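Read-outs throughout are calculated quantities, based only on the coordinates presented, and are distinct from any laboratory measurement. Predicted, not measured: the structure shown is a model, and the values here were computed from it. Every residue, glycine among them, receives a Cβ derived from its backbone with ideal geometry; neighbour counts consider all protein chains shown.
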Amino acid sequence: MKTVSIPRHVFTVIASVSLLAAAVSAQAANWRGWNIHPDGYPNTEALEAFSEAVAERTDGRVTPRVYNNAVLGDQSDAIEQTRNGALDFANFNMGPMGPIVPETDVFSLPFLFTDIDHMHRVMDGEIGERFADALESKGLVVLSWFDSGARSIYNTQRPIRTPEDVRGLKIRVMNNDLYVQMMAALGGNATPMAYGEVYQSLTTGVLDGAENNFPSFESSNHYEAAGYFSLTEHLIIPECLCVAKSSWDALSEEDQEIVRDEGMKASELQRALWVESSEESRQLVLDAGVEINEVDDKQAFQTLMEPMYEEFIANNPGTGELIEEIRAAQ
Ligand code: BDP
């Protein structure tokens with residue numbers, strides 16, 4: 001057999017070319033991003049602006065792409081997929097985050113924040129950093145916090161003015177046991193269900209109602225089925241723009257800085273768009289014939305939900321002080 005001798009320098013060249021190729025491919029990260037909302041929703045716009053800016057500023061080393069309408073799975077699945085690096089980034093609500101990162105359960109306590117500004121003060125400060133650390137220890141790097149307004153109850157049956165009006169209604173909630181407790185406190189029956197299944201359940205009568213903010217009530221078309229929107233405003237829940245820890249760790253320091261900076265900008269954009277979109281959606285559903293009512297005695301709702309706090313604090317030692325700190329940031 002004839003042996004061909006290859007000069008040593010050829011090996012060196014081949015080795016360095018393949019090293020280079022490996023380095024380049026390790027750097028070119030095609031990020032897949034999960035998004036539950038449709039085109040045009042404030043969060044979608046912010047995620048898209050983030051993706052474009054990151055691709056541009058990293059010269060294509062990181063190319064994020066957003067998949068809308070939860071096509072990559074429902075929210076609880078997507079949280080797991082992002083934690084294990086199957087997905088690279090996402091916008092998550094802290095409601096369904098609770099079962100995975102228990103520290104975030106505190107946000108699912110009704111009437112915790114008095115208004116959006118209060119929520120911003122908490123999330124943009126030192127307390128917010130503590131939550132970011134908790135998420136990071138579970139594999140999610142928080143770039144910034146998004147708004148999701150205040151959630152109110154809507155249904156197909158009647159306006160909710162007092163807690164008695166909730167009695168017996170089947171209300172869809174997000175995936176977190178605290179919401180089951182919350183609805184039970186009002187005498188309603190909570191049904192945890194994936195967001196994407198709610199529309200049909202409302203139209204077929206499997207559900208009487210659900211609870212959400214105006215932009216989601218509108219963009220999910222739930223308003224077509226549920227004609228009564230009652231401003232209970234019982235939950236103000238922050239959302240994160242999160243990156244999978246493994247995707248984050250694979251970035252150079254320079255790229256991490258770009259991604260973080262664009263994450264912050266995405267949140268500024270989302271918050272600005274949120275204000276406009278909430279008003280537009282309110283008007284749109286009103287024009288479509290939805291009856292919107294103020295709830296004069298919110299205290300009545302709050303009083304019934306208050307025992308949730310005692311139980312929560314008893315089950316989660318240390319949270320009493322945290323709740324006090326959050327309230328003090330009012
Ligand atoms: C929307 C949130 C989204 C939730 C959805 C829901 O932005 O993250 O999944 O409500 O109710 O307002 O499931």
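Tabulated data for the structure shown
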quantity: Length-normalised contact order of the chain in % [C-alpha pairs under 8 Å, at least 6 apart]; calculated: 24
quantity: Over 27 Å (Cα to Cα) - which of 138/298; 265/298; 170/298 fall in this group; calculated: 138/298; 265/298
quantity: Rel. contact order, % - alpha carbon contacts under 8 angstrom, at least six apart, region 73-166; calculated: 21
quantity: Charge dipole (region 224-319, unit charges on Cβ, about Cα centre) - positive-most of 226, 281, 318; calculated: 318
quantity: Relative contact order [Cα under 8 Å, 6+ residues apart], region 209-330, whole percent; calculated: 44
quantity: Dipole magnitude of region 68-131 about its Cα centre (Cβ charges: Lys, Arg +1; Asp, Glu -1), debye to nearest 20; calculated: 60
quantity: Cα gyration tensor shape for region 36-84, rounded if a/c is under 1.5, else prolate or oblate; calculated: oblate
quantity: Gaussian network model of the chain, Cα within-10 Å springs - most flexible of 159, 317, 102; calculated: 317
quantity: Estimated [θ] at 222 nm from DSSP helical runs (n ≥ 4, -39500 (n - 2.57)) normalised by residues in the chain, nearest 500; calculated: -14500 deg cm²/dmol
quantity: Antiparallel bridges, percent of DSSP beta bridges restricted to the chain (to nearest 5); calculated: 55
quantity: Nearest-ten-degree value, helix 319-328 long axis tilted from longest Cα axis of the chain; calculated: 80
quantity: Folded to 0 to 90 degrees: helix 126-136 orientation relative to the chain principal axis, Cα; calculated: 60
quantity: Taking 208, 255, 297 and counting other C-beta atoms within 10 Å, the order from fewest to most; calculated: 297, 255, 208
quantity: Around residue 190: net Lys/Arg minus Asp/Glu count, Cβ-Cβ under 14 Å; calculated: +1
quantity: Residue among 136, 254, 45 with the largest mean-square fluctuation in a Gaussian network model of the chain, springs linking Cα atoms under 10 Å; calculated: 254
quantity: Prolate/oblate/rounded call for region 157-230, Cα gyration tensor, a/c under 1.5 rounded; calculated: oblate
quantity: Debye, to nearest 20: dipole size of region 138-287, +1 on Lys, Arg Cβ, -1 on Asp, Glu Cβ; calculated: 800
quantity: Cα gyration tensor shape for region 213-330, rounded if a/c is under 1.5, else prolate or oblate; calculated: oblate
quantity: Test item: Cα-centred dipole of the chain, Lys/Arg +1 and Asp/Glu -1 on Cβ, debye; calculated: 1340
